[in-house]
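Encoded as structure tokens, the structure appears first; notes follow it.
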Amino acid sequence: MSKTAASASPAAAAAADPSRWKALVFIALAQLMVVLDATIVNIALPSAQTDLGISDGNRQWVITAYALAFGGLLLFGGRIADKWGRKNAFITGLAGFALASALGGAANGEAMMLGARALQGAFGALLAPAALSLLAVTFTDAKERAKAFGIYGAIAGGGGAVGLILGGFLTEYLNWRWTFFVNIPFAVVAAAGAWMVIREPAGSRNSARLDIPGVVLSTLGLVSLVYGFTRAESAGWTDGITLGLFVASVVLLAAFVGVEGRVKSPLLPLRVLLERNRGGVYLSLGLAVIAMFGLFLFLTYYLQVVKGFSPVKTGFAFLPMIAGMITGSTQIGARLMTRVAPRLLMGPGFLVAAAGMLLLTQLEVGSSYPALIPALILPAQLLLGLGMGTAFMPAMSLATYGVNPADAGVASAMVNTSQQVGGAIGTALLNTIAASATTAYLTDHAAQAAAGGAAGRLVQAQAMVEGYSSAIWWAVGILAVSAAIAFTLINTGRPGQGGPVAGGSGAAAEDAELPVPVIAH
């Protein structure tokens, strides 16, 4: 059987499945739940800390426990989905995430809360790559895939902002515990729907033996990397433990690459990582997430701390970005994805987002909110949303470009890994830059800051805004680098145009068309 014929059979099966659009609803619902959880708990953290008696030194672990489990286990979760079946992994991930959320909502102390968050991260690491790889093997027709990934890209990009709104509502009008309990109906509906309608294409599982050394090295390496950046935010970049974690992550991940190049059935086949289009997606998307975390972090602080907004009002301030994200993914990216090369969506998308971020460097302490809406916040967030939505959609699709269907789970896991690591770097790096700029401003205006009263408070607020502005300037530069990487590394053409061979083998040119996953080796 030829490669083209072999690759056509899963595509034909998917195209013949009348339930594929129903399946998209439940896949998207599960993805929304995972993305929401990345930000919804942040809003509730102060209330939860008070109720559970969590110390200031340990409160970061409510976020870090989730990040470490999720980031460290993603590659393992992706390979489990490939081996065990994506539908099975998807439903198991949903059930486990719901159970962990119930434990978090019912937590009666610090230990129970941190354990629940770690469990959420572990099951999220199984669920997220299963969801994306299900999408990849279910939608193989170029036009249908564009629509499906447009919806998925909007959720992946905008769900975090929705989490801020929902978290504000639940915390302010109900109780912080509902930021956990709200996951349960999401999970139940998605799991029940998936059980009934998802039909995984035959022949897409990976029956190879699990690479245990690869699992251990990748998990420890990613945990060290994520924790290193997380610790750098609080302990400093020159802290001994922080430096030790970075050194450990380099050694462990280098050993992981060495192992993967030698074993017969690697956890992460290097062909998945080194193909230039997928590699360009992983790198540019990870950098873009750094910048996006800058927006969430500093605009939230600005509105709540400097302007005194409530959590709900702060959440609503992000609505323009959500609207832009949905429009960019479903109306711009999805409509153009089958007509233009992906780099002509991703590169300009990141540049448009950078222009929106650039506007936010002009925030000032004395600006009133009504004046800020038309002048800065509305156009800035619309540009950010449109740009990121347009770029995220082809990026999510390209993550499985040219990959063997049996490797779709681990290829999908790499997208989530790049986002997770990017988020950890973004939070630590940009917060450090902001803190340094704030300290420098206060040092230069020490006399006014020490004066007290309204004048002293104004200097303190101005110092914070100076810090936010400095960090956002860095975010603008990072988005520009993301655009350059997309323009440089991503060289596949539009569907039907042909292009470079995906996967690094000698597949026919028609097998390399965007964005159908093909047997490439």
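With respect to the conditions (1) more than 19 Å from G422 (Cα to Cα); (2) without any contact (Cβ under 8 Å) to a residue 60 or more places away in the chain; (3) more than 17 Å from the chain's Cα centre (by Cα), F123 lacks only one, and its number is (3).
When Q31, Q49 are checked against the criterion of being without any contact (Cβ under 8 Å) to a residue 24 or more places away in the chain and part of a helix (DSSP H, G or I), Q49 stands alone in meeting it.
Scan region 78-101 and tell me whether some residue there is modelled with pLDDT under 85 and under 22 Å from V226 (Cα atoms). Checking region 78-101: at least one residue is modelled with pLDDT under 85 and under 22 Å from V226 (Cα atoms). When the test is whether a residue is of a type outside the set (A, V, I, L, M) and closer than 20 Å to N416 by Cα, R262 does not pass it. No other residue among S55, S19 is polar (S, T, N, Q), modelled with pLDDT of 70 or more and either in contact with a helix residue (DSSP H, G or I) (Cβ under 6 Å, 6 or more places away or on another chain) or buried (at least 18 other Cβ atoms within 10 Å of the Cβ) (or both) apart from S19.
Which residues, taken from region 294-339, are outside any helix (DSSP H, G or I) and either surrounded by fewer than 20 Cβ atoms within 10 Å (Cβ to Cβ) or not assigned by TED's automatic domain parsing to the domain that holds T427 (or both)? Correct list: K307, G308, F309, S310, T338, R339. Is it the case that region 235-250 has a residue that's buried (at least 24 other Cβ atoms within 10 Å of the Cβ) and not polar (S, T, N, Q)? No, region 235-250 contains no residue that is buried (at least 24 other Cβ atoms within 10 Å of the Cβ) and not polar (S, T, N, Q). Condition first: surrounded by fewer than 20 Cβ atoms within 10 Å (Cβ to Cβ) and assigned to a helix (DSSP H, G or I). Can you find one or more residues in region 119-128 that meet it? Scanning region 119-128, I find no residue that is surrounded by fewer than 20 Cβ atoms within 10 Å (Cβ to Cβ) and assigned to a helix (DSSP H, G or I), so the answer is no.
Based on this model, can you work out whether P394 counts as buried (at least 19 other Cβ atoms within 10 Å of the Cβ), at pLDDT 80 or above and in contact with a Pro (Cβ under 7 Å, 6 or more places away or on another chain)? In short, yes. Looking only at residues in region 342-369 that are more than 23 Å from the chain's Cα centre (by Cα) and surrounded by fewer than 19 Cβ atoms within 10 Å (Cβ to Cβ), the one that is nearest to T314 (Cα to Cα) is Y369. Evaluate region 253-272: report whether one residue or more is closer than 30 Å to A471 by Cα and modelled with pLDDT of 85 or more. Yes, there is a match, as at least one residue in region 253-272 is closer than 30 Å to A471 by Cα and modelled with pLDDT of 85 or more.
Just one of the listed residues (A81, A89, A98) is surrounded by fewer than 24 Cβ atoms within 10 Å (Cβ to Cβ) and small (G, A, S), namely A98.
The values are calculated or read from the model by the stated rules, or taken from the named source; none is laboratory data. Only a predicted model underlies this, so the values are computations on that prediction, with no experimental measurement involved. Please note: Cβ atoms are built from the backbone with ideal geometry, for glycine as well, and neighbour counts cover all protein chains shown.
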